Amino acid sequence: AQSVTQLGSHVSVSEGALVLLRCNYSSSVPPYLFWYVQYPNQGLQLLLKYTTGATLVKGINGFEAEFKKSETSFHLTKPSAHMSDAAEYFCAVSTDMNYGGSQGNLIFGKGTKLSVKP
Amino acid sequence: DSGVTQTPKHLITATGQRVTLRCSPRSGDLSVYWYQQSLDQGLQFLIQYYNGEERAKGNILERFSAQQFPDLHSELNLSSLELGDSALYFCASSVGVTWRNEQYFGPGTRLTVT
């Protein structure tokens, strides 16, 4: 089975500061890893994903994440926060493996709300 | 705009009732996924359809059912509604059947059960 843990339900940074949102996962098979962003009253938008290959993944809006298998982590970073980055961020893990008869699943973390102070 | 449309945007109904939520995937996408987002449970995967066939099931209650039609739009039917079913229901779509593909999310339907 798989699970996702996002450390910190709320993170506050100043504009221009480094953004670091933490995600640890558990998976018995090689996972697919995703970061999604949700702005208020909107659906989710994919920021970036890791499936195979290069472990440092670059996404939209200046975000990037590094897959570290030894640490079972996929932390999201951005060098310099903008006010427009204020939103809720979800880490998610999936696989195509067959669990309990179901072919695949996408497990989300509980989310981290990012606030950006001027 | 993700290209995924969901109707209605808001739905208010009473306990015991039945509702149908509708989703139209992005043009060319064959997979449709349904998710529930609530304060208690967070974001949970409910069910996936690919080209009209059920492919994967998550934490979907027996009172809930879904289908995908030949034109690829999908409907999620929720029956015998309870207060705890109040949530935001998202539909997402992707090109293929594999879970490595990016999923494009619709704006959601907010269901309030009173």
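The table for this structure:
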read-out: Out-of-range pairs (alpha-carbon distance over 30 Å; input A:Lys113/B:Lys9; A:Lys78/B:Lys9; A:Lys117/B:Lys57); value: A:Lys78/B:Lys9; A:Lys117/B:Lys57
read-out: Average accessible surface area per residue within chain B, 1.4 Å rolling probe, Å²; value: 47 Å²
read-out: With every protein chain in place, chain A: carbon and sulfur % of accessible area (1.4 Å); value: 53 percent
read-out: B:Ile12 accessible area, 1.4 Å probe, all protein chains in place, Å² to nearest 10; value: 130 Å²
read-out: Accessible area of the range B:4-97 belonging to carbon and sulfur atoms, whole % at 1.4 Å probe; value: 47 percent
read-out: Chains B and A, summed buried accessible surface - 1.4 Å probe, Å², nearest 100; value: 1700 Å²
read-out: Centroid-to-centroid separation of the range A:27-60 and the range B:10-78 [C-alpha atoms, Å]; value: 22 Å
read-out: Using θ = phi - 60° and Karplus 6.51 cos²θ - 1.76 cosθ + 1.60, couplings along the range A:4-10 (whole Hz; Gly, Pro as x); value: 9, 10, 9, 7, x, 7, 9
read-out: In nm, spacing of pseudo-spin labels at B:Leu61 and B:Leu39 (7 Å Cα→C-beta vector); value: 1.8 nm
read-out: Fraction in percent of alpha-carbon pairs per bin - 5 Å, chain A; value: 2, 12, 23, 24, 19, 11, 6, 2, 1, 0
read-out: Potential lengthening between B:Ala14 and B:Glu75 on full extension [0.36 nm per residue; Cα-Cα distance subtracted]; value: 20.0 nm
read-out: Net charge dipole size for the protein assembly as shown [Lys, Arg +1 and Asp, Glu -1 on Cβ; Debye, nearest 20]; value: 300 debye
read-out: Relative contact order [Cα under 8 Å, 6+ residues apart], chain A, whole percent; value: 36 percent
read-out: Net charge over other residues, Cβ less than 14 angstrom from the Cβ of A:Gly104 (K, R count +1; D, E count -1); value: 0
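The values are calculated or read from the model by the stated rules, or taken from the named source; none is laboratory data. Everything numeric in this text was worked out from a predicted model, so none of it was measured. No Cβ is skipped: glycine too gets one built from the backbone with ideal geometry, and neighbour counts run over all protein chains shown. SASA here: full protein model, heavy atoms, side chains in, ligands and nucleic acids out. Shrake-Rupley method; radii C 1.70, N 1.55, O 1.52, S 1.80 Å.
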